[in-house]
Amino acid sequence: MERTAIYPGSFDPVTNGHVDIVERGLKIFDRIIVAILRNPAKKCLFTVEERKEMIETSLNRDSNVEIDVFDGLLVDYAKKRNAVAILRGMRAVSDFEYEFQLALMNRKLNREIQTVFLMTGLRWIFISSSIIKEAASFGGNINGMVPPVVSRKLKEKFGFISSADE
C-alpha cells in the first residue's frame, strides 16, 4: 500500500526550507501531496496559481510529488486523498506550541490521520516566507534561501526587475 502524506501550507512563497522538507519527507513516504491552502481571509502576495507554478518548478516536477489546492478541513482533504499522514516542518521551539495544537485538533477530528513533524535543516532554520518577503521588499539578497524562480518572481513583484529584463 502506498503511503501518502499531505504537506499543507500557504507557501507564499515556497522557500528552500519547504523544498528540504519535501525531499526528506520522500525518504519516509512514497508520495507527498503539497497542498496549498486556499484561504480568502489570508492576504497573500502571490496568487494560488503563481504559488503552484513556483512549487512545481522548485521541485523539478518529481513524479512522487503532486501539487494541489484545497480549502476546508485538512483532515477531510487528507482522507479524500487517501493520505496516512500530515507532514509538517518545524523550525524552532516557537513553532511547537502552534503545531502541537493543530496536530491535537486534527487527531480529534480524525484519528486515522497521523501528523509527522520534521525538523527543518539547520541551514534553513531562520527562514520563513514572511521574513523572505520582507527582505525582498527592501531589495535584500534572498538568493540561496529560496529557489531561483521564487527569487526572480519576488524581484518582479517588488519592482526590482521587470519580466522584460529576463
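Values in this text are rule-based calculations from the coordinates and carry no lab data. Keep in mind it's a predicted model, so treat the numbers as computed, not measured. Reconstructed Cβ throughout: ideal geometry from the backbone, glycine too, with neighbour counts over all protein chains shown.
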I need every pair where a residue in segment 50-75 that is in contact (Cβ under 8 Å) with a residue 12 or more places away in the chain and within 21 Å of residue 148 (Cα to Cα) has its Cβ under 7 Å from the Cβ of a residue that is acidic (Asp, Glu) and crowded, with 17+ Cβ neighbours inside 10 Å, sequence separation at least 6 or different chains. 51/12; 67/56
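Sort through 46, 29 and tell me the only one that's in contact (Cβ under 8 Å) with a residue 60 or more places away in the chain and more than 11 Å from the chain's Cα centre (by Cα). Full working, then the answer.
Numbers: 29 fails: in contact (Cβ under 8 Å) with a residue 60 or more places away in the chain.
The unique qualifying residue is 46.
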Given the condition touching a residue at least 40 places away in the same chain (Cβ under 8 Å) and more than 18 Å from residue 52 (Cβ to Cβ), answer yes or no: does some residue in segment 97-114 qualify? no
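Report whether or not residue 79 is closer than 15 Å to residue 33 by Cα and surrounded by fewer than 16 Cβ atoms within 10 Å (Cβ to Cβ). Quick ask: steps written out before the conclusion?
On the way: closer than 15 Å to residue 33 by Cα: yes; surrounded by fewer than 16 Cβ atoms within 10 Å (Cβ to Cβ): yes.
Yes.
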Residue list for segment 16-46, restricted to those being in contact with a Phe, Trp or Tyr (Cβ under 7 Å, 6 or more places away or on another chain), β-branched (Val, Ile, Thr) and within 28 Å of residue 155 (Cβ to Cβ): 21, 22, 34, 36
When both residues are 6+ apart or on different chains and their Cβ atoms are under 9 Å apart, which pairs have a first residue that lies in segment 145-158 and is within 13 Å of residue 50 (Cα to Cα), and a second that is of a type in the set (Ser, Thr, Tyr) and not in a helix (DSSP H, G or I)? 150/15; 156/162
Testing residue 91 on (1) among the charged types (D, E, K, R); (2) touching a residue at least 24 places away in the same chain (Cβ under 8 Å); (3) in contact with a Lys or Arg (Cβ under 8 Å, 6 or more places away or on another chain), one condition comes back false. Which one is that? (3)
What's the number of the only condition in (1) farther than 24 Å from residue 106 by Cα; (2) surrounded by 21 or more Cβ atoms within 10 Å (Cβ to Cβ); (3) among the charged types (D, E, K, R) that residue 12 fails to meet? (1)
Go through segment 111-125 and give me each residue that's surrounded by 15 or more Cβ atoms within 10 Å (Cβ to Cβ) and of a type outside the set (Phe, Trp, Tyr). 113, 114, 115, 116, 118, 120, 121
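Quickly run through segment 126-147 and pick out the residues that are surrounded by 13 or more Cβ atoms within 10 Å (Cβ to Cβ) and under 15 Å from residue 91 (Cα atoms).
Taking segment 126-147 as the starting set, the residues that turn out to be surrounded by 13 or more Cβ atoms within 10 Å (Cβ to Cβ) are 127-129, 131-133, 135-137, 140, 142, 145-147.
Passing the criteria: 127, 128, 129, 131, 132, 145.
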